[in-house]
Amino acid sequence: MKPAAFEYHAPHTPAEAVDLVSRFGDEAKFIAGGQSLMPLLNLRLAAFEHLVDLRRLTELQGVRSDAIAVQIGATTTHATVGRDADIRRLVPLLARATPLIGHFQIRNRGTLGGSLAHADAAAEYPAVAMTLDATIGTLSPRGRRSIAASDFFRGTWTTALDPDELLTDITFPALHGRWGFAIEEFTRRSGDFAIAGAAVAVHLDDDARIERCAITVFGLSPAPIRARAVESDLVGRTAAETDATDLGVAVTAPLDTVPSDIHGTADYRRRVGAVIVARAWARALKEAL
Ligand code: FAD
C-alpha cells in the first residue's frame, strides 16, 4: 500500500521545522529516518497532511564530546552511533545496543532521536538512555527544555514531548573508571524487536564493591523500567555477594504490566526476562572486575 497524500516540507533550521509543525497542528508530523513512521503511513494506520522532514537540519547531526559528556544530534543515524569512535569509547553501551536494532538498511536510515521519540516498548536505545541517565534536549515554540530520560518515557509510543516539540539532542555522561556494561535480549529472529531485554551498567570501587549500578528492562512493560529497589540493594556488595539468577527473578517478579501477545504470554516473557537480566548482569560485572 502507499500512504495517503501529504504535503512534504524540508526546512533548513530547527526553528523552521518547529514553526511548521506548530502552524499545521494535528495535521503535521516530523519525519526523520522514516523507519517507524513510513510503515504506519503505508499501512494507513496513521495519516498526516503535512510531513516535516528533519534530514536537512545539519544542526541536529553528529557527535560532540568532551571529558564530561557526549552530545549526539537527534538525526544522527543508528549506523553512525554504532561506529563513532567517541561513542564506542565513552558510551560503549549505546554502541553495543546498535547492532541489535533491526537490519543494516534500517540502521542506515533510522535515527537516535527518532527511536527515542517513537518510544517503542521493546526498543533498545530508550533502555540505554534510561540506564545511563541521559538527558534529552528539545525545542518548541515555548523554547528549549532538557528532560531526564527517567521522565521522558511515559508508555507505549508515548513520551514527554508535546506534539509540536522537536527532539534536538541527547546527552550521555562520559563514564570513566571501573565500569562494566551489557545489553542482552531475546528475539525469535535476528533483527526482530525483543521479546525481553535488559541493559546493565555497574561501577566498582577500589575494593571491587558495587558503588553504582543501573538495571533497565525493556519489552516487559509499556516503557523501559529501571529496577531501582534492586539497584539500591546491590550497592556495597562484592561480586561474590550477588547471584545473577536470583537477581533476574528479583527484577522481573514485581513487573505488573508485562504484555501478553502473539509473541508470548506475560508469564513467558517474565521468565525469559529473568534469564536475560541474569545474563546482562553477569556480563557487565565480569567486564567491571
Ligand atoms: P521516524 O520513523 O522518522 O519517526 C518515528 C516517530 O518519531 C514519528 O512519530 C516522528 O514524528 C517522531 N520523530 C522522529 N524524529 C523526531 C525528532 N527529532 N523530534 C520529535 N519527533 C521525532 N527499532 C528498535 O529499537 N529495535 C529494533 O529491533 C527494530 N527493528 C526494526 C525492524 C524493522 C523491520 C523496522 C522497519 C524498524 C525497526 N526498528 C527497530 C525501528 C527503527 O529503529 C526506527 O528507525 C526508529 O524506531 C525510528 O527512527 P526514525 O528516525 O526512522 O524515525
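Tabulated values for the structure
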| read-out | value |
| --- | --- |
| Total charge dipole magnitude, the range 58-173, about the Cα centre, Cβ charges on Lys, Arg, Asp, Glu only, Debye to nearest 20 | 260 debye |
| Cα gyration tensor shape for the range 23-65, rounded if a/c is under 1.5, else prolate or oblate | oblate |
| Where trypsin sites (Lys or Arg not before Pro) fall in DSSP loop in the range 150-215, at most 13 other Cβ within 10 Å | Arg188, Arg189 |
| Tensor-based shape of the range 147-195 (alpha-carbon gyration tensor, a/c under 1.5 rounded, otherwise prolate or oblate) | oblate |
| Solvent-accessible area per residue, Å², over the range 75-142 with all protein chains present [probe radius 1.4 Å] | 35 Å² |
| Per residue accessible area of the range 236-283, 1.4 Å probe, in Å² | 54 Å² |
| Accessible-area composition of the range 44-108, carbon plus sulfur, in percent [1.4 Å probe] | 52 percent |
| Check: the range 7-53 dipole with +1 on Lys, Arg Cβ and -1 on Asp, Glu Cβ, in debye | 180 debye |
| Three-way shape call for the range 21-106 based on the alpha-carbon gyration tensor, with the a/c threshold at 1.5 | oblate |
| Size of charge dipole - the chain - debye, nearest 20, with Cβ of Lys, Arg +1 and Asp, Glu -1, no other charges | 660 debye |
| Residues of the range 274-289 with amide N under 16 Å of the 7 Å Cα→Cβ point at Ser260 | none |
| Label-point gap, in nm, between Ala148 and Arg83 - each point 7 angstrom along Cα→Cβ | 3.6 nm |
| The range 75-113 residues near the modelled Ala174 label - backbone nitrogen below 13 Å, point 7 Å along Cα→Cβ | 85-92 |
| Calculated from backbone phi, Karplus (6.51, -1.76, 1.60) coupling profile of the range 127-136 in Hz, x at Gly/Pro | 5, 5, 4, 5, 4, 9, 6, 5, 10, 9 |
| Computed helical MRE - 222 nm, the chain, DSSP H runs ≥ 4 contributing -39500 (n - 2.57), nearest 500 | -9500 deg cm²/dmol |
| Efficiency of FRET between Thr187 and Asp19 - r from beta-carbon atoms, R0 25 angstrom, step 0.05 | 0.05 |
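The values are calculated or read from the model by the stated rules, or taken from the named source; none is laboratory data. Just so we're clear, the structure is a prediction, and the values are computed from it rather than from any experiment. Positions of Cβ are generated from backbone atoms using ideal geometry, with glycine treated the same way; all protein chains shown enter the neighbour counts. Side chains are part of the model used for accessible areas, which takes the heavy atoms of the whole protein and leaves out ligands, DNA and RNA. Shrake-Rupley method; radii C 1.70, N 1.55, O 1.52, S 1.80 Å.
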